[in-house]
Amino acid sequence: MSDTFKLNVDGVEVEVPKSYTLLQACEAAGAEIPRFCYHERLSIAGNCRMCLVDWVGAPKPIASCAQTVGDMRPNADGSPPNISTRSERAVKARNGVMEFLLINHPLDCPICDQGGECDLQDQAMGYGRAGSRYEENKRAVDDKYMGPLVKTVMTRCIQCTRCVRFVAEVAGVEEIGMANRGEDAEITTYLEKSLTSELSGNVIDLCPVGALTSRPYAFNARPWELRKTETIDVMDALGSAIRVDARGAGVMRILPRVNEEINEEWISDKTRFVWDGLARQRLDRPYIREGGRLRATEWSEALSAVASALKVNPAEIGSIAGDLASVEGMKALMDLLKPIGVKSLDCREDGTKLGLAADGSPMPRESWLFNSSIMGIDEADALLLVGVNPRTEAAVLNARIRRNWLKRDLPIFVVGERADLTYDFAYVGAGPESLSAIAPGSDAFETLRSAKRPMVIVGQGALARTDGAAVLHAASAIAAAVGAFQPVSGDAGGWNGFNVLHTAAGRVGGLDLGFLPSAGGRDAAGMVRALKSGDLKTLILLDADETDLGVRSGGTVIYIGSHGDRGAAQADIVLPSPAYTEKSATYVNTEGCVQRTTRAVSPKAEAREEWAIFRALSEMMGRPLPYDSLVELRSRLGADAPVFLGLDFAPQVDASTAPPPYGQAGALSAAPFKSPVSAFHLTNAICRASRTMAECAQVARGASPLAAAE
């Protein structure tokens, strides 16, 4: 029996899978079908009736979103059924639906933030009547408090229930629902509680009217006033596709772009609402500390001071690259320091045991990548999470895991914190000792081994420990034992189900670059200890704001970054650099996909790109770097590290892929795993500069919603 079905849509014959809805079939034939409640990634509600089409021979128009093609029948003579999307009956039906929807809509477009991007506005012009026959009083609905991110004007709501279905199905936190029936029906949060999902801002994009809009963006701009720049996000290590909308020198909002391989069309609240932190607590000119206080200065004086600080024994110089460091910045810093003999370089600010084996030899790239790719979650049929809380560490990835648990009944096992991940799982244990329990005969082991595509995800909570290398080995050994590595065989593609989930956007790029200690060099923790003891005279912090230097009696700390956060507060010399929306920079996401940001606004005041700072510094030191432009730098980068030659694709398993296990076998600590993300909204300097993120963190800590709103 065929799995496809033929239809005749407006005179165009089309053959589509039987699983398609009639709406999808009509669009496959080139017809445009209006809709409000239907969304490709949500379940079908069928309650707006805007998608009515005329099935020739049917007694009345039918809702195309709720009609499955496989349930339709051919005509009596066996010919494909005829569908008309432009017949008089279909047009009249849509006119009636639109008139009905506008009966109680306030029609307050001039003061609505959705104006210019409103589906109701567009479809009323395209499919509605020229006027309304309704002369009665309109109903009014009280606005609901949904927290500091989502602004509500519920009188505009048309009860499409997209927001209800999103929080229940995608976010997994059922906090929005519909109360009452008929004219009294309204969308509300339960007990008017603040939304707690890390993905709650996506309901703003889903809302086809102005009922749910962005509270921080409210009344700031109209969409036609904004410059739109396509770039990537750096708030976590996923590299979600985003669009930055700016006016003048300021970023006004951040929206998601569709990227099926990474974020589909969702972004986290941190990604979406962090934009106000881009304008606050910014470093806009160089500073030098004198008498315990930072004094503004000129670039020439600041670079001269840095050059003087580097005129010491190379063994007394070190550098730490932070979570937001770009590849170009790290590359230029390496090219500046390595030729003079500096061995103490480290991009692992949190101390994660990746990149180098115990003997100092480099690990294979597969040991620090999300090898199966983010899309690979859709193929996995058993999953083990080790020391990771994907809900707070990578909220969009967690939504993909939830979807597969919901749709495919994906079995999930957890070793680590017993957190609310928005899906059910079998809890194995809290710490490394539980890994030894995943052995032949155990439920977790046998389920993984019987799966065709088993997957293991290890987080930084398991690797940024003293026994991180041993945990890496133990977890990857389980992956190898259950058949998570499958080499390419004939026409069958390979599979490496061992994955490391990073939390820092700059981490994988630094590991790929080799921004790691050389033989005899110190790691990040060793540099901090040496600075306190006086064995390290100069420390360069490149976007490193998570390193606490503590009390020190001497040494010179140089900070290069965009915000006046912890790094700048501890520094003796501060050099301002742009934020990720102000430069073209390379990052590598957790799956090894090389990506680039795009400049949306100009750098603040005297801020300069990191690579340009190091190029100018090298000139002052009399050792000029061999490139004068970003193009030349990237050419050198590709020549030295070919992994950076390709853009926007995740590496696949091939003949050169190193199979697990990775890391170093050793003793495991009894301490339980703990997620590195304790406050989802405050994970980096940009977040901590954001008032919106501070308000969200306050609400997350349990503060009164009214107090937080004030």
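The values are calculated or read from the model by the stated rules, or taken from the named source; none is laboratory data. What you see is a predicted model, and the numbers here were worked out from it, not measured in a lab. Every residue, glycine among them, receives a Cβ derived from its backbone with ideal geometry; neighbour counts consider all protein chains shown. The protein model used for the area step is the full one, side chains on, heavy atoms only, and it has no ligands, DNA or RNA in it. Shrake-Rupley method; radii C 1.70, N 1.55, O 1.52, S 1.80 Å.
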Between 0 and 90°, nearest 10: helix 630-640 axis offset from the chain longest Cα axis: 70 degrees
Cα-based Rg of segment 298-413 normalised by 2.2 N^0.38 Å, two decimals: 1.55
Candidate lysines for bridging to Lys228, where Cα separation is under 16 Å - those fewer than 8 sequence places away on the same chain excluded: Lys583
The chain: angle of helix 327-337 to the longest principal axis, Cα-based, in degrees nearest 10: 0 degrees
Shape box of segment 407-504 [Cα atoms, principal axes, largest first, Å]: 41, 30, 29
Convex hull per residue volume in Å³, alpha carbons only, for segment 500-621: 136 Å³
For a label point 7 Å along the Cα-to-beta-carbon line of Ala58, residues of segment 73-115 with backbone N under 15 Å: 73-75, 81-94
Accessible surface of segment 509-666, 1.4 Å probe, proportion on carbon and sulfur as whole %: 50 percent
Calculated from backbone phi, Karplus (6.51, -1.76, 1.60) coupling profile of segment 282-288 in Hz, x at Gly/Pro: 7, 8, 10, 7, x, 9, 10
Share of pairwise Cα separations in segment 131-241, more than 20 Å, in percent: 49 percent
Estimated D of segment 624-692 in µm² per second, where Rh is the Kirkwood radius over Cα pairs and Stokes-Einstein applies at 37 °C, 0.692 mPa s: 183 µm²/s
Contour minus Cα-Cα distance for Ala140 and Met125 (0.36 nm per residue): 3.0 nm
Mean separation of Cα contacts under 8 Å (6+ apart) over length of segment 316-444, as relative contact order %: 16 percent
Of the chymotrypsin sites (Phe, Trp or Tyr not before Pro) in segment 111-159, those whose Cβ has at most 16 other Cβ within 10 Å and which sit in DSSP loop: Tyr134
Built amide H within the under 5 Å cut-off of Glu591, gap 5+: Phe370
Label of the coordinate-derived value, Cα extents along the principal axes in Å, listed as (1) 89, 60, 48; (2) 79, 52, 45; (3) 100, 51, 43: (1)
Accessible surface of Lys407 - all protein chains present, 1.4 Å probe, nearest 10 Å²: 140 Å²
Segment 258-327-segment 446-502 distance, computed between alpha-carbon centres (Å): 35 Å
Cβ-Cβ FRET estimate between Glu606 and Ser361, R0 fixed at 60 Å, reported to 0.05: 0.90
0 to 90° range, to nearest 10: angle between helix 524-533 axis and the chain longest Cα axis: 40 degrees
Within straight-line cross-link reach of Lys674, lysines at Cα separation under 18 Å, skipping those fewer than 8 residues along the same chain: Lys353
Portion, in percent, of the accessible area of segment 375-496 that falls on carbon or sulfur, probe 1.4 Å: 51 percent
Length-normalised contact order of the chain in % [C-alpha pairs under 8 Å, at least 6 apart]: 15 percent
For the chain, accessible area per residue (1.4 Å probe, heavy atoms of protein chains only), Å²: 40 Å²
Within the accessible area of segment 232-286 (1.4 Å probe), percent carbon and sulfur: 46 percent
Rounded accessible area of Leu668 (nearest 10 Å², 1.4 Å probe): 70 Å²
Gain in span if fully extended, Ile103 to Asp648, counting 0.36 nm per residue against the direct Cα distance: 191.5 nm
Lysines whose Cα lies under 25 Å from that of Lys60, excluding same-chain neighbours fewer than 8 positions away: Lys6, Lys18, Lys92
Exposure ranking of Phe485, Phe370 by accessible area [1.4 Å probe, largest first]: Phe485, Phe370
Kirkwood hydrodynamic radius over Cα pairs of segment 42-121, then Stokes diffusion coefficient at 4 °C and 1.567 mPa s, in µm²/s: 87 µm²/s
